[in-house]
Structure formats: structure tokens, C-alpha cells
Amino acid sequence: MVSVIMVAYNAEKYIAEAIAGVVRQKVRFDVELLVMDDCSTDSTGEIVRRLSQSYPQIRYIHNETNLGSQGNYLKGFRLARGKYMALCDADDYWCSRRKLARQVSYMESHPQCALSFHRVVNYYESTGEKTLSNGQHTSRYTVESLSRSNYITNLSVMYRRALVDLDHLPAWIMQHRSPDYAIHMLYAAKGSIHYFPRPMGVYRKVEGAIWSTAGEYRRLKMSLEMRRSLMEEFSQRPEIVDGLRQASKAIVLSMLRCSSTPDEQTEVESYAREFNIDTSANMGNKHNNTSHHRGILSRAARRISRLIPRPRP
């Protein structure tokens, strides 16, 4: 019924917890867990092989050569056999044992639903701080809303697998370091999106993760380039392109504010011309009093959050 894709690289510190969140699911259907080990040099493989002796639903795939994050994801997608497909990276985990049951139950009774997702706990490992992801007040979303903002955390998503031909994905996906948003969009274009407000997973913010190792400017550029590819992919659907353009303009303005070298500033000016942005009107103070006040409140909340125990699988 469900294939869970778990990409892993040198995850010996976390992977047992990630696997526990999957194998402890309370379900009345079959689940397979594909652990995609991208040539780990630590004991990740040994841990998975040991756990697979107790949990036969684990399929351990060890890549002979390093495929990188996007290649490892895409290989896992092609190997998946389930009616539904869920994601959980090896440094994240699920903290609700009914997560899969809830998502499958909803999607089985709502065939128009192409993907579902839920709220997650963001756990900042270096400080022990915790926050909650987006707290939307509606349960149903569309590809148009997703084009304006990527509000889906990977470890929360479930796809109706057959809606997208995972053996013949657009070639441009391999140009991007992380394919998650592209896959969300391809599925969302096939139906509706359902949101569960219950937090059912923990997204661990660790040093060395893709979005941690890339600098702020580089992260924004990666996000912008993904949206440029998506605009080309959905060129025949103006309502989607319009949302992607709105998001792209906001990203360019953020790039403008954090650019620090002449090359970066020249690059941002080029993007600004592409999206018809007047950069001279957006070079004011980076922070106003309101944002400073909100920053103080956020810091206070995060300090308090350190006292709250971290959810367990």
C-alpha cells in the first residue's frame, strides 16, 4: 500500500530513530521502507542491515557510486512499488504511529487527492529549540497555492504514486540539487492537496544538511532556479506560472538584501530585469521596528521551547 523512501548518507547518528518511526506505524496494510544509502562511509549500512533482520519490510539499497541527493531520491522513486509513496530522510523521523493510517484513510476515500501533508515539529539540534511548521487554517489546497509558496515539509508528504510517471521525469530535475518542490508540484498538478494540522513528524535541523551547508544567497538562488524550471514546465498553465512568478519576485528581493559581492549584485540585477523589479525602491532598511519586535518574540518563544521534551518515534 505504501512505499517509504528514506535517503541516507553517513546517518549513523540518526537512522535508527528514523527507521523506528516507520516500522512502528500502526497500520492494517503492507508498508515497504526503501533505505537508499548513497555510499555512506560510516556505520549506516551496518545499522540498517541489523535492523532489517528484525523488520522484513526494510529494503536496503546501497548505491555502488555516489548519486547525490537528487539522484538518490529519483532512484528510490523508481524502485517504489506502493500505491502511495511517502518520504522521510534519515535525519528526520515520524512521531505519530498513526501518521500513515490517517493519510491513507483520507486519500483512499478522496480519489481526487493527489498528495497530502501535515504539520511538523522543527527541531534545532544545536540549541534544542523547537518550532511548529505552518499552521494553516484550511485543509484543502491546490497547485496554484503551492506555486506561490512551498509549504510542504518533505517528511510529511504522501503522494498517490501512479499519477506521475516516475520513470520518465523531466530531464531538468537533475539540474537541481534537491527535487522535492518539483515533485510536489508535478503531483499537485494532478489533483487536490490535503493538509492535516496535527504535528506527526520531527524535522531535524542539523549542520551538514543541504539547506544548512549552503549560504543564504545560494539557498535563495537554488529556490529561484527551481521556479524558473517549473515556469517552463507549466508554460501552458498561466495560473501556475503567475504564482511561480510572484514567488520568484519575492526571492529576488531577498537575494538583493543579502547579496554581498559585486558578482552577486550583478546577478541579482539581471534577475530583477527578468522579473521587472525596481531594485531602487527596495534598498531600504533590511529590518523595521515591526520585524525587530517579532524577532524578539520569536527568540523568547524559542528559549521556552528548549524546556519542552522532543517528541519520540
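The values are calculated or read from the model by the stated rules, or taken from the named source; none is laboratory data. No experiment lies behind these values; they were computed from the predicted model shown. A quick note on method: Cβ atoms are made from the backbone with ideal geometry, for glycine too, and the neighbour counts reach across all protein chains shown. Heavy atoms of the whole protein, side chains included, go into the accessibility calculation; ligands, DNA and RNA do not. Shrake-Rupley method; radii C 1.70, N 1.55, O 1.52, S 1.80 Å.
Neighbours of residue 313, meaning other residues whose beta-carbon lies under 10 angstrom from its beta-carbon, give a summed charge of +2 when Lys and Arg score +1 and Asp and Glu score -1. Each peptide among 228-239, 9-20, 89-100 gets the average number of other Cβ atoms lying within 10 Å of its residues, and from highest to lowest they stand as 89-100, 9-20, 228-239. Region 105-212 gives an Rg/Rh value of 0.98, both radii derived from C-alpha positions and Rh following Kirkwood.
In plain terms, if you count all Cα to Cα distances in region 83-129 and split them into 10 Å steps from zero, the share in each step is 19, 48, 23, 9, 1 percent.
Taking every alpha-carbon pair in the chain and binning the separations at 20 Å intervals from zero gives 30, 59, 11, 0 percent. Here's how it looks for residue 176: its modeled amide H is under 5 Å from none belonging to a residue 5 or more places away or on a different chain. Average accessible surface for the chain: 49 Å² per residue, computed with a 1.4 Å probe over protein heavy atoms with every protein chain in place. Per-residue 3J(HN,Hα) values for region 39-48, derived from phi via the Karplus relation 6.51 cos²θ - 1.76 cosθ + 1.60 with θ = phi - 60°, read 6, 4, 9, 9, 8, 3, x, 4, 5, 5 Hz in sequence order (x marks Gly and Pro).
Among the listed pairs 130/249; 99/130; 99/205; 75/130; 13/83, a Cα-Cα separation exceeding 24 Å is found for 130/249; 75/130; 13/83. Full extension of the chain between residue 28 and residue 124 yields a length gain of 31.2 nm, computed as 0.36 nm times the residue separation minus the alpha carbon distance. Taking N as the residue count of region 1-124, its C-alpha radius of gyration divided by 2.2 N^0.38 Å amounts to 1.04. Note on the chain: GNM, Cα springs under 10 Å; of 194, 62, 168, the largest mean-square fluctuation is that of 168. Karplus-based coupling profile of region 173-187, in residue order and whole Hz: 4, 5, 7, 10, 5, 10, x, 4, 4, 4, 5, 3, 5, 4, 6, with θ = phi - 60° in 6.51 cos²θ - 1.76 cosθ + 1.60 and x standing for Gly or Pro. Placing one identical point scatterer on every Cα of region 150-192 and ignoring solvent, what is log10 I(q)/I(0) from the Debye formula at q = 0.13, 0.15, 0.26, 0.33 Å⁻¹? The calculated log intensity ratios at q = 0.13, 0.15, 0.26, 0.33 Å⁻¹ are -0.27, -0.37, -1.09, -1.38. A full extension of the chain between residue 190 and residue 273 corresponds to an added length of 26.6 nm, given 0.36 nm per residue minus the alpha carbon distance.
Placing dummy labels 7 Å off each Cα toward the beta-carbon, the span from residue 64 to residue 261 is 3.8 nm.
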